[in-house]
1. Please give the number of the condition Ile48 fails out of (1) more than 23 Å from Glu223 (Cα to Cα); (2) in a loop (DSSP other than H, G, I, E, B); (3) among the aliphatic types (A, V, I, L, M).
2. Could you check segment 125-153 and list, in sequence order, the residues that are modelled with pLDDT of 95 or more, surrounded by fewer than 23 Cβ atoms within 10 Å (Cβ to Cβ) and not in a helix (DSSP H, G or I)?
3. All but one of (1) touching a residue at least 12 places away in the same chain (Cβ under 8 Å); (2) over 16 Å from Gly81 (Cα atoms) hold for Glu27, so report the exception by its number.
4. Can you confirm whether segment 168-178 contains a residue that is within 22 Å of Leu33 (Cα to Cα) and in contact with a Lys or Arg (Cβ under 9 Å, 6 or more places away or on another chain)?
5. Does segment 40-51 include one or more residues that are loosely packed, with under 15 Cβ neighbours inside 10 Å and touching a residue at least 40 places away in the same chain (Cβ under 8 Å)?
6. Mind listing whichever residues of segment 21-79 are of a type in the set (D, E, K, R) and within 23 Å of Leu152 (Cα to Cα)?
7. Here is a check on your reading of the model: is Lys64 closer than 26 Å to Glu182 by Cα and either within 16 Å of ligand 1 (Cβ to nearest atom) or touching a residue at least 12 places away in the same chain (Cβ under 8 Å) (or both)?
Amino acid sequence: MLLEVKGMNTFYGNLHAIWDIDIQVEEKEIVALIGSNGAGKSTLLKTIAGSIPMERGTIVYDGKSFGPGYGRKASRMVKLGMTLCPEGRHIFPRMTVEENLKMGGYTRKKGELSAGYDRVYSLFDRLKERRSQPAGTLSGGEQQMLAIGRALMSSPKLLMLDEPSLGLSPLLTEKIFELILEIRNQGTTILLVEQNAVSALSVANRGYVLKVGHITGSGTGKELLESQEILASYLGG
Ligand SMILES: Nc1ncnc2c1ncn2[C@@H]1O[C@H](COP(=O)(O)OP(=O)(O)OP(=O)(O)O)[C@@H](O)[C@H]1O
Ligand SMILES: [Mg+2]
């Protein structure tokens with residue numbers, strides 16, 4: 001088991017956003033987390049990443065256990081191989097593509113950066129062609145590739161992707177999901193948040209359904225794709 005979340009609770013002031021959540025991710029799995037707007041998907045990823053505080057619960061990551069008070073540990077978790085590619089990309093628009101990638105590799109030794117660039121450029125040939133271009137001038141799809149590439153620069157064991165297909169055309173969405181499969185096949189475990197439930201569940205080994213801060217369903221990607229409830233709620237069926 002690479003990640004086990006037990007009884008996780010997260011608050012924003014008085015707002016109880018995440019309720020007693022249990023999640024497990026095995027090494028080299030793609031696990032999808034689906035749910036509608038405001039369900040708490042981003043909050044869950046940010047809590048796991050240590051960028052917002054966990055009120056109650058336990059996170060066991062790669063054999064290390066973290067209890068209540070976990071939070072504001074994001075940079076330590078990146079060093080341990082857990083990286084979040086946030087919703088909305090948050091690239092640095094005035095920096096070039098390559099400078100953005102370098103920022104993603106800030107926890108790595110200088111000598112390890114070139115292997116990082118090689119991996120990213122072989123996955124995303126568009127980024128290689130545009131390595132000296134200011135990131136703000138990239139298309140939306142290219143910016144999403146850059147955000148994923150930047151996250152890969154830390155050489156994560158666990159890569160968390162928050163809505164990687166948001167705002168992309170159907171063709172680019174398909175391409176992004178192909179790349180997600182390829183990244184997993186290279187050995188990186190993936191926890192994927194998506195509103196695009198069909199695509200996410202099609203590539204996922206397993207999935208969880210999140211509704212107003214609660215897990216209301218789980219199963220293999222195939223089981224969830226065939227579930228009537230999921231069909232009705234998320235797949236427009
Ligand atoms: N910084 C914050 N302060 C207060 N409340 C917040 C904050 N961030 C999120 N929330 C609230 O927490 C709940 C869950 O939000 P979250 O962003 O995790 O949902 P989501 O499932 O990622 O939604 P979306 O699909 O729209 O991205 C929402 O009710 C939201 O308004
Ligand atoms: Mg979100």
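The values are calculated or read from the model by the stated rules, or taken from the named source; none is laboratory data. Small disclaimer: the values here were computed from a predicted structure and weren't measured. No Cβ is skipped: glycine too gets one built from the backbone with ideal geometry, and neighbour counts run over all protein chains shown.
1. Of everything listed in (1) more than 23 Å from Glu223 (Cα to Cα); (2) in a loop (DSSP other than H, G, I, E, B); (3) among the aliphatic types (A, V, I, L, M), Ile48 misses just condition (2).
2. Across segment 125-153, the qualifying residues are Arg130, Arg131, Ser132, Gln133, Pro134, Leu138.
3. (2)
4. Yes, there is a match, as at least one residue in segment 168-178 is within 22 Å of Leu33 (Cα to Cα) and in contact with a Lys or Arg (Cβ under 9 Å, 6 or more places away or on another chain).
5. Scanning segment 40-51, I find no residue that is loosely packed, with under 15 Cβ neighbours inside 10 Å and touching a residue at least 40 places away in the same chain (Cβ under 8 Å), so the answer is no.
6. Matches in segment 21-79: Glu26, Glu27, Lys28, Glu29, Lys41, Lys46, Asp62, Lys64, Arg72, Lys73, Arg76, Lys79.
7. no
One line per residue, one yes/no per condition, for (1) modelled with pLDDT of 95 or more; (2) within 16 Å of ligand 2 (Cβ to nearest atom); (3) crowded, with 22+ Cβ neighbours inside 10 Å; (4) part of a strand (DSSP E or B):
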{"site": "Ile18", "(1), (2), (3), (4)": "yes, yes, yes, yes"}
{"site": "Asp22", "(1), (2), (3), (4)": "yes, no, no, yes"}
{"site": "Asn37", "(1), (2), (3), (4)": "no, yes, no, no"}
{"site": "Gly71", "(1), (2), (3), (4)": "no, no, no, no"}
{"site": "Met77", "(1), (2), (3), (4)": "no, no, yes, no"}
